[in-house]
Amino acid sequence: MKFLYLNSIKKRATAFLLFITISGAFAQVSDSYYLPQQVRYNPAIPTPQQYFGFQVGDWHIQYEQLLGYIKKVASLSDRFQMKEYGKTYENRPLWLLTVSSPQNLGRIEQIKTEHHKLTEPDQASSVSIDNMPLVVWMGYSVHGNEASGTNAVPMVVYYLAAAQDASIDSLLNETVILIDPRINPDGGERFASWVNANKSMNLVADPNSRELNEMWPGGRYNHYWFDLNRDWLYTQHPESKGRIKQFHEWKPNILTDHHEMGSASSFFFQPGIPSRTHPLTPKKNLEFTEKIGTFHAEALDKIGSLYFTKEGYDDFYYGKGSTFPDVQGAIGILFEQASSRGHLQETPHGAMSFAFTIRNQMTTTLSTLKAAKAMRKDLLTYQRNFYQEKSTATTKAYVFGNTSDKVRVWEMVNILRQHEIDVYQLAKDETFEGKTYNKGQAYIVPLSQAQHRLIQGIFEKRTSFEDSLFYDISAWSMPHCFNMPYSEVKVPVTLGEKLTQNPFPQGKVLGKSNYAYLFEWDGYFAPRAAYELQKKGYKLKVATEPFTAMTEGGTKNFDYGTVEISAGGNQLTSLENLHTLLTQLAARDGIYFYAIHTGLTPTGIDLGSSYAAPMRMPKPLMVVGTGVNPNDAGEIWHLLDTRVNIPLSMADMTQVNRINLEKYNTLILSSGDYAALNEDKIKAWVRNGGTLIAMTDAVEWAASRGFSPVKIKKIPTDSLGPKPYALAERYRGAQLISGAIFQTKIDVTHPIGYGYKEPLLSVFRDNTIFLEKIKDPYNAPLIYTNEPLVSGYITEPNKKRLKDTPSVVATSFGAGKVIVMTDNPNFRAFWYGTNKLFLNAIFFGSNILSGIRGGDDE
């Protein structure tokens, strides 16, 4: 209830004065500013100040300094264990600290095993919770520039190692505390280096100061500019993969997620907005979250810090750190501290010091532990009951697979299994919802297992919601992300063998030829294989018409987008080397290569036909820097660098305006503001044969500058008459598309559609850029259907604006091409099903035949 979190008017006034006094007190603080004083501290444990040579809050602690202190304390304390659980892209180690009593640490594996049994329905009832420690996971600063969380860690570590009295002994006996000291070390290091390098001896609180305005892309993101707090569910990055493995080994009862927000605010703790909680989250979860909140309120009241709850934030998307635990029988708790960004910042409440922000994070860390101890049995019982409850859904299972691209199936199975979801083979060929699934090519996930809520959260389509506002996306259905055939099974079905391993689906080289080899473009890693061949000097051609050919296995149909490798002629390496290379690529990329001994085909085009067009080797340049959305740009960088092995040149806008563009054949504009880009220079480059790819916001720039003939629909202003001022934010927010899934029709004969087999494709959209229908239908390879909504939230007027309109338009501009994409095909690295659209634009953009022209006057 709200009154639990609000002080009286008198207390709020007092707290406001304390906030001004404390946050403005930017002189160096003592240990007592952070630490409880009613306990003794072991003098053998060095304080952070003794170790660093400066007080916590005086500087932003570098990651090596942080790890150095933790290792020092762990070497002196019998309450600590350390485990490296992974490495970041920049090769920084990721550590998890285990803190408990020496007696517990002496049998920690036994405790972990017994605790995990609570999540196993066939084991849970036999486990006694009378003396079982509660497991609390505390994660700090997943966003690297939200630094107060990770900078509180030295004080947390010191307190747990050095505090001495009966209360700390009892806490350590009754809990196992897992500390992830800096979830995002790569971003955190960028940020710490920036603010420390720009710190003045006389602290500058001016929000315009360089210290408080970090350079693009900022420290929020990981190496590839991804928001790791959106990666808990689909775990596409090493930081997430390692963390989730530890999460499932431990199955914590409470998980805290320490963040920062705008400097003008105060402090937030959950619950979030009740109407924006995912329906699969049990009501009991909200009750416990609210009860834990009373401990935070009490602690923050004592130090005079203002706070709020049930506003601004929600618990809907299960891919966030504080929401993922809610579908795992745990209580996820989000903390948001108003950020000082540097060491001192002016705010509407006065000057806020870095030390002040750290103290609030330290305070709520301790209040969480106090709540954990007090609620130990209740939370252990809740976890056991959560996993013993059976699914009440009408759907009995989900079946998926039967696609020619085995790699996407493999990755989908990987994600499911890493979340302790049981996946089974089909016992026999089955038909569901009119689709046939073959044994050995499809898999089934029954809901009669412990993770049934998470399975529903991953597979479900949802189009009705209690609330129309979302802090993050409103849909993330895995089969649609992966463009995966699937069905909801409503009847009992016999399961085949349970998967105990999931080996990569290697391909093969079928035959040996001194004439040519063919491979199909439907495989996920086909672009990687193609680029490897191009890099080694092989000339490739792409079939722009279907044909049949004689292979080792007989006559085979080859579709649009089939790639031809000439084995003879002017190739740079020997035939034996080519076969060896193809064998390596087949194993690495899951590709089947077919040996062909003649250019004459039984039907369709011959291999020497002009309809087998030369493939241009990609030489892409992406515009980055101020004005560009780091997330969208990072998704492109990550895709090309880690999955396709294409070197991607990246240059800031001002640099692009100066450099010679002739060495590049593809220019990529992700979401962003490109007003500062020299459009005349870009036009000259495209006219000369370059391919321009403009995505989401950049479509508006391309259209307004005459690169593309597309017209963007104007959204009329609200004309329904006066409305209450208090509802303005909610009404305007409800008009947005925060992230939903829509159905399109794809032209598989168009170069943008090469490699796709089915006429329908699900896409992700998180913007309100709607295109008018175009005059020439041959230049719109992707068009929204008449009923486009698959899953997620959209207003009825926006749905009408979207239906039957283009999602992708490809047109000529002089000798070059302009491809506009209203949607992001690379969203968060887990939208595997549409990556090929983007890669086709890069590989085949120059192969698009001239159709309607853009704004060029040639």
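The values are calculated or read from the model by the stated rules, or taken from the named source; none is laboratory data. Since we're looking at a predicted model, the values are computed, not measured. Neighbour counts are summed over all protein chains in view; Cβ atoms, including those assigned to glycine, are modelled from backbone coordinates with ideal geometry. Note: areas computed on protein heavy atoms with side chains; ligands, DNA, RNA excluded. Shrake-Rupley method; radii C 1.70, N 1.55, O 1.52, S 1.80 Å.
As a length-normalised measure over Cα pairs under 8 Å and 6 or more apart, the relative contact order of the range 72-171 settles at 22 percent.
Beyond 27 Å between alpha-carbons counts as too far, so tell me which of K406/K512; K539/K681; K723/K799; K745/K817; K490/K799; K619/K711 fall in that bin.
K539/K681; K490/K799; K619/K711
Can you tell me how the range 599-707 classifies by the Cα gyration tensor, rounded, prolate or oblate, using a/c under 1.5 as the rounded cut? Since a/c reaches 1.5 and a/b is larger than b/c, the shape of the range 599-707 is classed as prolate. All other residues with a Cβ under 10 Å from the Cβ of T357 taken together, and with Lys, Arg as +1 and Asp, Glu as -1, what is their net charge? Spelling it out: positives minus negatives among the neighbours equals 0. Amide hydrogen proximity for L94: with H placed 1.01 Å from N in the peptide plane, the residues at 5 or more positions away or on another chain lying under 5 Å are Y85, G86, K87, T88.
In the chain, the calculated helix contribution to ellipticity at 222 nm averages -9000 deg cm²/dmol per residue, counting -39,500 (n - 2.57) for every DSSP H run with n ≥ 4. Database remark: amide H of V56 closer than 5 angstrom to the amide H of Q49 (H placed geometrically; neighbours at sequence offset of 5 or more, or on other chains; Pro and chain starts carry no H). For the range 448-463, 3J(HN,Hα) computed residue by residue from phi via the Karplus equation (6.51, -1.76, 1.60; θ = phi - 60°) reads 7, 8, 4, 8, 4, 5, 5, 4, 4, x, 7, 8, 5, 10, 9, 10 Hz, glycine and proline entered as x. Checked against a 29 Å cut-off, the cross-linked pairs K310/K373; K320/K377; K72/K302 give Cα-Cα distances beyond that limit for K72/K302. In straight-distance terms, cross-link reach from K683 covers every one of the aspartates and glutamates whose alpha-carbon lies under 20 Å from its own, apart from those fewer than eight places away in the same chain; here that gives D652, E662, D673, D697, E700, D856, D857, E858. In plain terms, the chain from S464 to E311 could stretch by 52.9 nm, reckoned as 0.36 nm per residue minus the Cα-Cα distance. Cβ-Cβ distance of K435 and E787, R₀ of 22 Å, FRET efficiency by 1/(1 + (r/R0)^6): the value works out to about 0.65. In percent, rounded to a whole number, the relative contact order of the range 136-227 is 41, using alpha-carbon pairs under 8 Å and six or more apart. What the phi angles of the range 354-370 give under the Karplus curve with 6.51, -1.76 and 1.60, with θ = phi - 60°, is a coupling list of 4, 4, 4, 5, 5, 4, 5, 5, 5, 4, 7, 4, 5, 5, 5, 5, 5 Hz, glycine and proline written as x. Using 0.36 nm per residue and subtracting the Cα-Cα separation, the extra length available between N557 and Y89 on full extension is 164.3 nm. Here each label is just a point 7 Å from Cα along the line to Cβ, and for S193 and N660 those points are 3.1 nm apart. Sort out for me the Cα centre separation of the range 140-160 from the range 420-444, rounded to whole Å. What the calculation gives is 46 Å, centre to centre. Entry note, the chain: relative contact order of 11 percent, from Cα contacts under 8 Å with a spacing of 6+ residues. Just how far, in whole angstrom, is the range 590-645 from the range 29-59 if you go by their alpha carbon centroids? Centre-to-centre distance over Cα atoms comes out at 57 Å. With all protein chains in place and a 1.4 Å probe, the accessible surface of the chain carries 51 percent carbon and sulfur.
Counted residue by residue at 0.36 nm each, then reduced by the alpha carbon distance between them, the extension gain from W216 to Q28 reaches 64.6 nm.
Near the amide H of S305, within less than 5 Å, lie no amide hydrogens of residues on another chain or at least 5 residues away, with H placed in the peptide plane. Listed values for the range 738-746 are Karplus-derived 3J(HN,Hα) couplings in whole Hz (6.51 cos²θ - 1.76 cosθ + 1.60, θ = phi - 60°), namely 6, x, 9, 10, 10, 9, 10, 9, 10, and x replaces Gly and Pro. Computed from label points 7 Å out along Cα-Cβ, the spacing between N42 and T598 is 8.3 nm. Each label point was placed 7 Å from the Cα along the Cα-to-Cβ direction; for D680 and E114 their separation is 7.8 nm.
Under conditions of 25 °C and 0.890 mPa s, the chain yields 84 µm² s⁻¹ as its translational diffusion coefficient, taking Rh as the Kirkwood radius over Cα pairs in the Stokes-Einstein equation.
Could you pull out every one of the aspartates and glutamates with an alpha carbon less than 15 Å from that of K87, ignoring same-chain neighbours closer than 8 positions? Hits, sequence-local ones excluded: E64, D180, D186, E189, E239.
For K461, the aspartates and glutamates whose Cα falls under 13 Å of its own Cα, not counting residues fewer than eight places away in the same chain, are E488. Solvent exposure of the chain, expressed per residue, is 38 Å² of accessible area, with all protein chains present and a 1.4 angstrom probe.
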